[in-house]
């Protein structure tokens, strides 16, 4: 389970030092920023559970931080603290989406209580959201699958030859079915994993036999419709301790992304090697690739990159976020290398079994 990450933004150094002392022995990861500009940059480009920001600062103030985060980081909980506390400022902050506010000066107990309440509220919202997503996704899964199968059967000509216009309509239906199935699959994965409480069930497994080969046999992977070949370069036997259910989600998401963003008729290369006390699994595809500057955003929840070659490609924005959480639960690393417009390789490093 990852530590809650909290960012404190204030132009008074004494306030920042005080917050660090209050949570010095806590199980939280604390960061600080001495201006609204610095704090907003950190809050946008990094993952924080809670941002506590001063209301009155030179330049970018707390209300602007709150407003920007509501738009670009809606999952982040924002708390306001200020020496200019009044009913009006508190009401305005709460109306604009702040979770709570703390008047200055504050006691350590007051600060701890507000943070504790905010984290409990986040956990409750996450559980409720996941429960709702699981119910809705489960109800949609069967009828959507039936629609996709029927459209694919018609498209392949089993019930007679179709006109070009009819083929175009069916292609659109099939693409939208695949998009909705991607969303449902990822939402169900989220609900099963309960990401905030994620702890992998560890057993010794053969990564190729127990994980990769099972994913390669899935219909969505074996017959993607894009004439993409998947090649497993090396069947090195590597034993790791992990949760096979979660690792299958990881591999399936990486391969599905390679298919989705790969050029038709190309080859996806899977490779597994052992280096020191780690196994490194890689997924290479020729396709639109990823710009290096987009690396920070890539693994965020609901984040989708817009770049040449991805027009018309739909997705949930959850696949790589889920991958990152699964890898972290196994005490591993995930990263990518790419040449935009040509290729991308995703790497996953996990500890091998003793």
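Assorted remarks:
- Cα convex hull of segment 5-106, projected area averaged across orientations, nm²: 5.8
- Calculated FRET value between residue 107 and residue 161, using beta carbons and R₀ = 56 Å, to 0.05: 0.10
- Between the beta carbons of residue 120 and residue 267, assuming R0 = 30 Å, the FRET efficiency works out to 0.05 to the nearest 0.05.
- Taking 1.002 mPa s as the viscosity and 20 °C as the temperature, the Stokes-Einstein diffusion coefficient of segment 199-354 based on its alpha-carbon Kirkwood radius rounds to 136 µm²/s.
- Between residue 217 and residue 38, the simple spin-label model (points 7 angstrom out along Cα→Cβ) gives 5.6 nm.
- Extension gain, residue 18 to residue 209, is 63.5 nm, computed as 0.36 nm per intervening residue step minus the present C-alpha separation.
- Distance-filtered residues of segment 226-259 - backbone nitrogen under 16 Å, label point 7 angstrom along residue 277 Cα→Cβ: 239-242
- Theoretical FRET efficiency, 1/(1+(r/R0)^6), r = Cβ-Cβ of residue 236 and residue 297, R0 30 Å, to 0.05: 0.35
- Ranked by the mean number of other Cβ atoms within 10 Å of their residues, highest first, the peptides 209-215, 154-160 fall in the order 209-215, 154-160.
- Residue separation of residue 72 and residue 28 scaled by 0.36 nm, minus their Cα-Cα distance, works out to 13.5 nm of gained length.
We did not get these values from a lab; they are worked out from the coordinates using the rules stated. Please read these numbers as outputs of a predicted model, since none were measured by experiment. Here the Cβ is made from the backbone with ideal geometry for all residues, glycine too, and neighbour counts use every protein chain on show.
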